[in-house]
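The block underneath contains the structure these notes are about, expressed in structure tokens.
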Amino acid sequence: MPGAQWRPVPNCTKGGQKAVYGLVLHIMQGTLWGTDSWFRNPSAQASAHFGVGKDGTIIQWVDTVDRAWHAASANSTWLGIEHEGKSGDSLTAAQIAADGKILAWAHKTHGVKLQSTDSVTGRGLGWHGMGGSAWGGHTACPGTPIKNQRDEILKAAGAADTGGSTDSGSSTTYTVRKGDTLSSIAKAHKTTVAKLVSLNGLKDADKLSVGQKLKLPGAATPVKPIYEPFPGSAFFHGGRHSPIVTAMGRRLVAEGCGKYSTGPGPNWTNADKNSYAAFQRKLGYSGSAADGIPGAKSWAALKVPKV
């Protein structure tokens, strides 16, 4: 993910992500860098795709085509985000803004729905404890305060620069006065703390100075997602090397049609063909119409992001 520090760990299953139903929120019960160290220990048998520090630092430990070990039976179908802190803590404004960026990127890249869910069969923004014993029995993870902040994360996803569905548009400024808090400013201007943090690049939402100038978001304007145009059926053949093939493969994995033992990657292989055939069958095609070679209609339905 752009903007995340890439710090790969050995505790994962390469090519093991079968689908991406959504994001699972976790709490670390510790610090960001302590968790980073723990995930590098093979005896831990644990990892997550992302980690978010209290200051908004984002680490990516595991590629989203690989399976992280974060929620037992959910591992192959959900992405995990660990948060610095302890159960019962609330996320900081910087963490909410960071989560919004991750969610917006996952929405653009893997089709994750911008909604909350409390069901293991749902889609969107979930939490570790909702899976009960099947997800490891961590019912207090990440804690009620963070569960209740999911609406703020969803709002932050709409304001994020990494693939959100809205753009901040024009902006005005506000001069901080004595007694102001970021929360009171956000409420007065009908916006969110997370959006103000993101727009102004704030490191600590609790530290404001009298006279400080803050940017305020203008009216949001819709931004249409940009998809990769259909390159033609002849594009897909042995020897083809292209980032379009990787982007296609990731969308196939997100649709639950991945047939990869490793990857997906930029080289067109039989695994890509088999995965695309599974997607064609999912759309209702059969026989020669489900031969694994993309056609214009199925390509449009797959919604491969522009690369």
Checking I146 against (1) surrounded by fewer than 18 Cβ atoms within 10 Å (Cβ to Cβ); (2) among the hydrophobic types (A, V, I, L, M, F, W, C); (3) modelled with pLDDT of 95 or more, which test does it fail? (1)
Of all residues in segment 3-28 being closer than 19 Å to A74 by Cβ and of a type in the set (S, T, N, Q), which is surrounded by the most Cβ atoms within 10 Å (Cβ to Cβ)? Q17
Taking segment 286-307 on its own, how many of its residues are touching a helix residue (DSSP H, G or I) at 6+ places or on another chain (Cβ under 7 Å) and either among the hydrophobic types (A, V, I, L, M, F, W, C) or more than 20 Å from V112 (Cα to Cα) (or both)? 10
Candidates W38, W69, W105 - the one that is free of Cβ contacts under 8 Å to residues at least 40 places away in the same chain, open to solvent by 10 Å² or more (accessible area, probe 1.4 Å) and not hydroxyl-bearing (S, T, Y): W38
Among residues of segment 84-128 being part of a helix (DSSP H, G or I) and over 26 Å from V253 (Cβ atoms), the residue farthest from the chain's Cα centre (by Cα) is A93
Give the number of residues within segment 9-61 that are farther than 18 Å from A98 by Cβ and of a type in the set (D, E, K, R). 3
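Could you check how many residues of segment 1-53 are of a type in the set (S, T, Y) and more than 20 Å from the chain's Cα centre (by Cα)?
Adding up the residues that qualify gives 3.
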Please go through segment 176-185 and give me each residue that is outside any loop (DSSP other than H, G, I, E, B), touching a helix residue (DSSP H, G or I) at 6+ places or on another chain (Cβ under 9 Å) and without any contact (Cβ under 8 Å) to a residue 40 or more places away in the chain, ordered by number. S183, I185
Consider A68 carefully, then state whether it is touching a helix residue (DSSP H, G or I) at 6+ places or on another chain (Cβ under 6 Å) and farther than 20 Å from D206 by Cβ. no
Got a sec? Which helices (runs of 4 or more DSSP H) wholly within segment 186-304 have at least 3 residues that are open to solvent by 60 Å² or more (accessible area, probe 1.4 Å) and either under 30 Å from A93 (Cβ atoms) or not aliphatic (A, V, I, L, M) (or both)? 270-282
Answer yes or no as to whether L79 is farther than 18 Å from A44 by Cα, under 9 Å from the mean Cα position of the chain (by Cα) and touching a residue at least 12 places away in the same chain (Cβ under 8 Å). yes
Given the options G100, G129, G111, G124, name the one that is over 13 Å from R150 (Cα atoms), modelled with pLDDT of 90 or more and either small (G, A, S) or surrounded by 24 or more Cβ atoms within 10 Å (Cβ to Cβ) (or both). G129
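The values are calculated or read from the model by the stated rules, or taken from the named source; none is laboratory data. These numbers come from a predicted model, not from an experiment. Methodologically, a virtual Cβ is constructed for each residue, glycine included, from the backbone with ideal geometry; neighbour enumeration extends over all protein chains shown. Just the protein is used for accessible areas: all its heavy atoms, side chains included, with ligands, DNA and RNA removed. Shrake-Rupley method; radii C 1.70, N 1.55, O 1.52, S 1.80 Å.
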